[in-house]
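Colleague: Structure incoming, see below.
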Amino acid sequence: MLTNLIKLFVLTSLLFILPTKTAFSKAIENNYSLLDEILGDFYQFYCTKQFAKRTVGYGLGGYLANSSVDPHFRNYWQDHLRNDFTNKLSTAINDYSKLTSYPIAAPIYLATLWLSTRTFTTSPDTAIGIFANHALRTLVVGAPEQFALTHFFGSGRPQTEAHRWEVFKYHRAVSGHAFYGAIPLLNLAKQQENPWLKTSFYVLSALPGLARVNCDKHYLSQVWLGWWLANSATQSVWESDIVSNKSNKISLEMVPLNSGIYLGLARKF
């Protein structure tokens, strides 16, 4: 019920926020748009060392899934660690994770980004605006891969005992709760200068996945892959910001030619 009310509130708010003349005019005036930023994020995600790092993490997930680690870890957690406290904590964390899924989180991030600056700008100068900007971009960059790999790797829930990868058999290989739930917390960690706060947010980012292990909804490998993907997407977004502050950057350009208008990626120097 709470989730549905939040959806209704956010979507109704967007009907009044997004169509405003000021929002669109400021968006047009921005010569470095949100689309440019997202293109840079995808470049960092797929065309730099982040891709290699992510592959190494997937290799670890594959080892956990295709060995005896997953079932042994599941049995140990259910037999020795699960109790009333972890059940109550997991329920609360699962409720939080539902709010971070893309149908709810994307409108929230957009509304927060707009409200933080009163314009639909991509260069917010407030802490909450920076958070919304980066969390939204992380979601856009990482969600397609989460959807694709959770189907491709093909492992199932613990109840099926299908922890091994079997291509396209099931669609639980990359935990959505672990992925979506980690995104806000990882981006909050990136914003912190205090090492204690930064570490705390990183630790908290693992809880959405562990809550699914506690509820016996996912294996260890599945929550690891979800968290690792969220971390890689977050790293790519923040590294994209560093690159965009240099003279050498990639953007979407429309170039008039004799034969027509060319739309494509351009590298600026």
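Colleague: What length, rounded to one decimal in nm, is gained on full extension from A148 through to W77, with 0.36 nm per residue of separation minus their alpha-carbon distance? It would help to have the intermediate numbers written out before the result.
Modeller: Values: separation 71, 0.36 × 71 = 25.56 nm, distance 2.84 nm.
Working it through step by step, the gained length comes to 22.7 nm.
Colleague: For region 101-199, which chymotrypsin sites (Phe, Trp or Tyr not before Pro) are both in a DSSP coil and crowded by at most 13 other Cβ atoms within 10 Å? Could the numbers behind the result be given before it?
Modeller: Working: sites: Y109, W114, F120, F131, F147, F152, F153, W165, F168, Y170, F179, Y180, W196; in loops: F120, W165, F168, Y170.
Of the chymotrypsin sites (Phe, Trp or Tyr not before Pro), the ones in loops of region 101-199 whose Cβ has at most 13 other Cβ atoms within 10 Å are F168.
Colleague: Kindly provide the trypsin sites (Lys or Arg not before Pro) of region 64-156 that DSSP labels as loop, not H, G, I, E or B, and whose Cβ sees at most 13 other Cβ atoms within 10 Å.
Modeller: R118
Colleague: Taking R0 as 30 Å, what FRET efficiency do you get between V69 and K198 from their Cβ-Cβ distance, rounded to the nearest 0.05?
Modeller: 0.55
Colleague: Another question about this same structure. How many Å³ per residue does the convex hull of the Cα positions in region 54-204 occupy?
Modeller: Expressed per residue, the convex hull around the Cα atoms of region 54-204 is 139 Å³.
Colleague: Subtracting the Cα-Cα distance from 0.36 nm times the residue separation, let me have the gained length for K169 to Y96 in nm, one decimal.
Modeller: Length gained between K169 and Y96: 23.4 nm.
Rule-based calculations on the coordinates, nothing more; no lab input. Quick caveat, the model's predicted, so the values are computed rather than measured. All Cβ positions, even for glycine, are placed from backbone atoms using ideal geometry, and neighbour counts span all protein chains on display.
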